[in-house]
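A short worksheet on the structure shown next.
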Amino acid sequence: MSNKIVLISTVFVLIFLVGCSEKEVKVPLEEVGMVGIMAFDYIDEDTTKLTVAIPQYSPEAQRNTQIFSVKTDLVSKGIVKIEKLSDKKVILNQLRVVLINEEYARKGKVQKVIQNLYRDAEVGNKVLIAVVNGNGEDLLKGEYLDKPNINFYLNDLLLPSINTAFNPNTNIHDFIYTLTNPVFDPIIPIIEKVDDKIEIKGVALFKNKNMFESITPSEALIIQALQGKKKLAPLPLDLNKGNGKEVVMLDLIESKVKVKSNKNHDSPKLTITLNVKGTLSEYKGKREHELNTPKSIAILEDDIDKQLSKDIEDFLDKLKGLKIDPIGLSENFRMYYKGEWNKKLTEKTIAKLIVDVHVKTAIISTGTLK
């Protein structure tokens, strides 16, 4: 009988404690501020400006988004300051985008912020990251007439789409993975406020935790092609093959890449074969009236092969000079290396890398020619 009494008492106490704990953590929805975007702007080595965008779902709210900015040295301390301004319990469960201004990124502060968020159980791994060309606070406070909600606007802009496929769509998991992976250097899209729009302007290359250089959307598209992405964004090409000024736009592109290594990191060499298939959606040049026969299309395909091969080789030469590997080409040598691979070996390999590029283009149909 005594054992039954003890058991019943124990169950009663547990139920009572659980009931109490639920009452303690329960917060009314109208008293919660769910941060959708966080922006970090560099002030000095010890101080950061933290700006957050909190959607307002109340029909009585005069604005659909609240913007708060504070100066802080720690992310958690900044959140506490924002709670005092908003008079709400600020949570990060609905965080979707993190913005880092370019100066902050070049000072090597990104790693600390992203690692802090990565370790936070409230924050999901798919939170997107972007570098802001300018000031993150100004971008969040900007007026975008046809995009009244900045939270949805930025999230949709940075998600993959056919027209922004060059964008690496980097989330905090991707960033931490490439930062700690010895055969990759991180890349993050760059955005900028232009009049009443936000545009993706290019991609930031990181080296040793700092933003080191930026590249164009066309160069970023090469990264995705050489990484084996099967469907690519529309590809514009300026042809320089003795026919005057010619501009070609390939659309609905399917690609397949094959990389062959000589397996020698001391004298590294790669043979890259890229097969591209797509629609000639637009052409501008003096051959526009000639592109109506299989022979003329074959000649154009050959010119595209040569130009695209040159563009890829020029871009890889640029990476070689920077000693940066955002593509992961050094993995083709690491897998044959006996010992522990590190970032230094990646730098040395890329700096000495010789690449032989072969492109084969197939135009499956033609669009508007002018």
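The values are calculated or read from the model by the stated rules, or taken from the named source; none is laboratory data. Computed from a predicted structure; not experimentally measured. Glycine gets a Cβ as well: all are built from the backbone with ideal geometry, and neighbour counts include every protein chain shown. Heads up: the accessible areas ignore ligands, DNA and RNA and are worked out on the full protein's heavy atoms, side chains in. Shrake-Rupley method; radii C 1.70, N 1.55, O 1.52, S 1.80 Å.
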(Q) Residues that are over 16 Å from Phe315 (Cα atoms) and within 14 Å of the chain's Cα centre (by Cα), at least 1 per element: which strands (runs of 3 or more DSSP E) completely within the range 193-258 meet that? (A) 197-207, 210-215
Q: Name every residue in the range 297-322 that is within 25 Å of Lys277 (Cβ to Cβ), within 21 Å of the chain's Cα centre (by Cα) and open to solvent by 60 Å² or more (accessible area, probe 1.4 Å), in order of residue number.
A: none
Q) Among the residues of the range 291-317, which ones are touching a residue at least 60 places away in the same chain (Cβ under 8 Å) and more than 13 Å from Leu280 (Cα to Cα)? A) Asp303, Lys306, Gln307, Leu308, Asp311, Ile312, Phe315
Q. Among the candidates Asp356, Asp325, which residue alone is of a type in the set (D, E, K, R) and open to solvent by less than 20 Å² (accessible area, probe 1.4 Å)?
A. Asp325
Q: Take the range 202-220 and flag every residue that is aliphatic (A, V, I, L, M) and in contact with a Leu (Cβ under 8 Å, 6 or more places away or on another chain).
A: Leu205, Met211, Ile215
Q: Name every residue in the range 226-249 that is open to solvent by less than 40 Å² (accessible area, probe 1.4 Å) and among the aliphatic types (A, V, I, L, M), in order of residue number.
A: Leu226, Leu232, Ala233, Leu235, Leu237, Leu239, Val248
Q. Is it fair to say Leu252 is outside the structural domain of Val110 (by the TED database), open to solvent by less than 70 Å² (accessible area, probe 1.4 Å) and within 17 Å of Thr361 (Cα to Cα)?
A. no
Q: Just give me the residues in the range 177-187 being more than 18 Å from Pro217 (Cβ to Cβ) and open to solvent by 20 Å² or more (accessible area, probe 1.4 Å), in sequence order.
A: Tyr177, Thr178, Leu179, Thr180, Asn181, Pro182, Phe184
Q | Residues of the range 47-60 classified as open to solvent by 40 Å² or more (accessible area, probe 1.4 Å) and at pLDDT below 90, total | A | 4
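To keep it simple, each residue is scored yes or no on (1) open to solvent by 40 Å² or more (accessible area, probe 1.4 Å); (2) out of contact with any helix residue (DSSP H, G or I) (no Cβ under 9 Å at 6 or more places or on another chain); (3) of a type in the set (Gly, Ala, Ser).
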residue: Lys256; (1), (2), (3): yes, yes, no
residue: His265; (1), (2), (3): yes, no, no
residue: Leu280; (1), (2), (3): no, no, no
residue: Tyr283; (1), (2), (3): no, no, no
residue: Glu288; (1), (2), (3): yes, yes, no
residue: Lys295; (1), (2), (3): yes, yes, no
